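Read the structure below first, then the notes.
What follows is calculated from the coordinates using simple rules that are stated; it is not laboratory data. Predicted model only: the values in this text are computed from it and were never measured. Neighbour counts run over all protein chains shown; Cβ positions are idealised from the backbone, glycine included.
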């Protein structure tokens, strides 16, 4: 067991700032090195959280014996090479979602992590949200699951819509929904069928809208809607509903003010007011704080992060997005 876990951050944009600000308040974290292609971004984040140094050279972090785990918070197309380089350098890895944009690249990362004997966690923080956890606790074995992750139209020019850097909404953000419905069902998906296509970005070679049906190994099914074709004024962008035949649980408002409502149970509602004070801010309610705590416990004390998505779950989420797109193109269900 080690007193403090040495942290290196690669990519110092929005998500890196979120994680660094949380880690700066956790006594078991030691924020050491910050790397970004833009030195000013690395310097700015280092100064904000009182880190040791900033650099444009990723190799400096990977060669630094004071760093135990690197947080990879870069554009999606760089995840595969950076994860592999970090594993080969003996560093544990936290990588923002999606793990990568292709099944083959995900599998390559899995092999590198396994071969190096290092740990890898994917940034699916919604699993750690007290609302997701309460929903799973009350409806542990759903028969039917509905998941929705829908935004107003993303700009054509943003990097996440670039077919190489970000892959578009379905792969870039939709992986959250694919991961969460798998976690709620606690079963492996076996087939996926989808309809959809390019509805809102005809000038980009991406699939931006998906309506998918997933069958799991345990016989349960899920319907998942993903895209950037509008906003839901009632539920917000993220909405999940679990039915087990006698009970129903609904999560809505996740990105604004999360809440749950139930039918057929003694518990009728669950809101931010039901949380302990330390979990009521957006980082606690959305699961970011507990995800970082789990990462530190895993790296520093080898505590199994039972809630976390590891490499194989990262591959699974990407595979669902890739196979959904393939189903749309071929008109055929896809095996997983």
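Tabulated data
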{"read-out": "Cα extents of the range 50-193 along the three principal axes, largest first (Å)", "value": "49, 36, 35"}
{"read-out": "Most mobile listed residue (252, 53, 193) in the chain, GNM with C-alpha springs under 10 Å", "value": "53"}
{"read-out": "Order of 186, 290 under a 10 Å beta carbon neighbour criterion, fewest first", "value": "186, 290"}
{"read-out": "Sum of -39500 (n - 2.57) over DSSP H runs of 4+, divided by residues of the chain (222 nm, nearest 500)", "value": "-10000 deg cm²/dmol"}
{"read-out": "Two-decimal ratio, the range 150-253, of alpha-carbon radius of gyration to 2.2 N^0.38 Å", "value": "1.14"}
{"read-out": "The chain, relative contact order [Cα under 8 Å, separation at least 6], %", "value": "19"}
{"read-out": "The range 181-223: mean projected area of Cα convex hull, nm²", "value": "3.4"}
{"read-out": "Rounded Å value of the spacing that divides the Cα centres of the range 14-79 and the range 87-138", "value": "18"}
{"read-out": "Sequence-separation-based contact order of the range 207-279, relative, with Cα cut under 8 Å and 6+ spacing, percent", "value": "17"}
{"read-out": "Of 190, 322, 289, the one that fluctuates the most in a GNM where the chain has Cα springs shorter than 10 Å", "value": "190"}
{"read-out": "P(r), alpha carbons of the chain - 20 Å bins starting at zero, rounded %", "value": "31, 59, 9"}
{"read-out": "Principal-axis tilt of helix 288-301 within the chain, Cα atoms, nearest 10 degrees", "value": "50"}
{"read-out": "Antiparallel bridge percentage (DSSP; both residues within the chain; nearest 5)", "value": "60"}
{"read-out": "Whole-Å semi-axes of the ellipsoid equivalent to the range 1-92 (Cα gyration tensor, √5λ, descending)", "value": "18, 16, 12"}
{"read-out": "Residue of 274, 179, 151 that the Gaussian network model of the chain assigns the largest fluctuation, springs spanning Cα pairs under 10 Å", "value": "274"}
{"read-out": "Value of relative contact order over the range 90-226, rounded to a whole percent, pairs C-alpha under 8 Å and six or more apart", "value": "24"}
